[in-house]
Number of protein chains: 2
Amino acid sequence: METRVDGRLVRGDQTRRAVLGKAVEIASVDGLEGLSIGRLAKELEISKSGLFAHFGSKEELQLATVRAARRIYVTAVVEPALATAPGFSRVWALSECWLDYSQRRVFPGGCFFAKASHEYGARRGPVRDYLAEVNREWVQLVEQTIGEAISLGELEADPAQLAFELNAYYDSANLASLLHDDDGAIYAQARHSIRARLESAATAGTALPWRSGRSR
Amino acid sequence: METRVDGRLVRGDQTRRAVLGKAVEIASVDGLEGLSIGRLAKELEISKSGLFAHFGSKEELQLATVRAARRIYVTAVVEPALATAPGFSRVWALSECWLDYSQRRVFPGGCFFAKASHEYGARRGPVRDYLAEVNREWVQLVEQTIGEAISLGELEADPAQLAFELNAYYDSANLASLLHDDDGAIYAQARHSIRARLESAATAGTALPWRSGRSR
DNA sequence: AAACTAATAATACGACCGTTCGTATAGTTT
DNA sequence: AAACTATACGAACGGTCGTATTATTAGTTT
């Protein structure tokens, strides 16, 4: 099965990819509103009008940027966590992957969605709606992961409640690390809280991933 | 002792007050960057140049806006909480006051500082520095309040750790309520988490404020 | 009443905003 | 080779941005 490719479309795709890569970077630092078409074009050394033609409106560019960020997020956080077997250890992996994603600065401005959600939380329109949807998606994944651990008898908790708490720790660590030029102490603090919370919810027989094999 | 007042200065003060009141409103929804001098002047029906003269630069306007927001925050959260006696009940009051402040939308866009801190977290400059300082101030207050409760033998915890966790619950509830047009369910969830966390840290004899006198 | 000061206003500036338009170029199809 | 299509470009549009300069008005002091 041979796939004929249109060189023009390939070129367009590459441009689009480059634009969105840069857009995600800029927006994670300066926000989706601070992301301007002129600046984006200048940094990529392409024409403003040519760039604009790819999206048709600022709002479409913003939406495409959030979609691009979502793909990066899935690759950086979701997929690595799903590589761990379901159950307690996957809940822990999810936390570790998230903190790592924030600390590694996958987006230079910290978690893209924490930033964008705060930027658009009090507004209306498609951008906000999509951000809300992505957030729901994520919370659902965390709840589901917790649910699996409960089903496997490794955890005892209200999934929604525990998911809320874990998420709170993630976001709080992310913000504090940004605001205070953190050297890692804040992430350690978050890890400590997560560990304590999970430990208190673990069932008796469950092996705790952060203890290397034997109990202390 | 009689105080002679200069009518011109009074007039200027009133204007300044009105400007900052509006500025804080706008910024809590559209951010400190979205806060523009032209828009501010238009909404207040005064001249752009006259308004500008009060601050001298956009950055000074932003700093003055954050300072104004801080005063409102102190009035809405800190002072009411300090009306409660030190100890476990004050820790609880702090949480209640904060959630109430967020839920009542003292700022139309939810917590001003959550928004502004995310906006400036990844940047440099005086605005970010001041936001970081205000945050430190707040965290310190929470830790100190927890410390008092420990000294009084009503609580057992690491103050920094518990403060981190409570703050995480506050901010997380604030964001989720904005993003999902909350009817109050999210605040209830936060209250539940806070209650559970405080209950687990309370010492044996401590009366729990949310139980009306007798145990269940 | 004159001199002075503080607050406000009018006007203008260059830079950048998102957007539109006409055109040139590269690549595909016939 | 001709017709067509997708991508990219330069130039211009009306607006708004933050800021500077200059003038006017309101209020105080002498």
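The values are calculated or read from the model by the stated rules, or taken from the named source; none is laboratory data. These numbers come from a predicted model, not from an experiment. Glycine also receives a Cβ, built like all others from the backbone with ideal geometry; neighbour counts cover every protein chain displayed. Note: areas computed on protein heavy atoms with side chains; ligands, DNA, RNA excluded. Shrake-Rupley method; radii C 1.70, N 1.55, O 1.52, S 1.80 Å.
Looking at the protein assembly as shown, the accessible area is 48 square angstrom per residue; that uses a 1.4 Å probe and ignores ligands, DNA and RNA.
Using alpha carbons only, how many degrees (0 to 90, rounded to 10) separate the axis of helix A:58-73 from the longest principal axis of chain A? The angle comes out near 40 degrees. When B and A come together, around 3400 square angstrom of accessible surface is lost from both chains combined, probe 1.4 Å. Which log10 I(q)/I(0) values does the protein assembly as shown give at q = 0.06, 0.11 Å⁻¹ under the Debye formula, counting every alpha carbon as one identical point scatterer? Relative scattering, expressed as log10 I(q)/I(0), comes to -0.29, -0.92. Using a simple spin-label model with pseudo-atoms 7 Å out from Cα toward Cβ, B:ASP129 and B:ASP182 lie 3.4 nm apart. Once C-alpha pairs closer than 8 Å and six or more residues apart are averaged by separation and normalised to the residue number of segment A:154-216, the relative contact order reads 43 percent.
Which loop GluC sites (Glu not before Pro) in segment B:25-84, with loop taken from DSSP, have no more than 11 other Cβ atoms within 10 angstrom of their Cβ?
Counting only loop positions with at most 11 other Cβ atoms within 10 Å, the GluC sites (Glu not before Pro) in segment B:25-84 are B:GLU45.
Taking label points 7 Å from Cα along the Cα-to-Cβ direction, A:GLU43 and B:ASP6 give a separation of 4.6 nm.
Each Lys and Arg adds +1 at its Cβ and each Asp and Glu adds -1 at its Cβ; summed about the Cα centre, the protein assembly as shown shows a dipole of about 900 debye. For segment A:102-122, a decrease in accessible area of 50 Å² or greater in the assembled protein chains relative to the isolated chain, with a 1.4 Å probe, applies to A:LYS115, A:HIS118, A:ALA122. The helix-based estimate of mean residue ellipticity at 222 nm for the protein assembly as shown, built from -39,500 (n - 2.57) per DSSP H run of four or more residues and divided by its residue count, is -23000 deg cm²/dmol to the nearest 500. Surface composition of the protein assembly as shown: carbon and sulfur atoms hold 50% of the protein heavy-atom accessible area at a 1.4 Å probe.
Positive end of the dipole of segment B:7-201 (Cβ unit charges, origin at the Cα centre): among B:GLY147, B:SER200, B:VAL134, the Cα lying farthest that way belongs to B:VAL134.
Plainly put, the tip 7 Å out from Cα toward Cβ on A:GLU199 is 2.1 nm from that tip on each other copy, the closest given first.
Dividing the convex hull volume of the alpha carbon atoms of chain B by its residue count gives 164 Å³ per residue.
Comparing the full protein assembly with the isolated chain, the residues of segment B:146-181 losing at least 20 square angstrom of accessible surface (1.4 Å probe) are B:GLN161, B:PHE164, B:GLU165, B:ALA168, B:TYR169, B:ASP171, B:SER172, B:LEU175, B:LEU178, B:LEU179, B:HIS180, B:ASP181. Remark: label point of B:ARG17 defined 7 Å out from Cα along the Cα-Cβ vector; separations to the same position in other copies 6.0 nm, ascending.
For the pair B:ASP100 and A:TRP210, label points projected 7 Å from Cα toward Cβ lie 3.5 nm apart.
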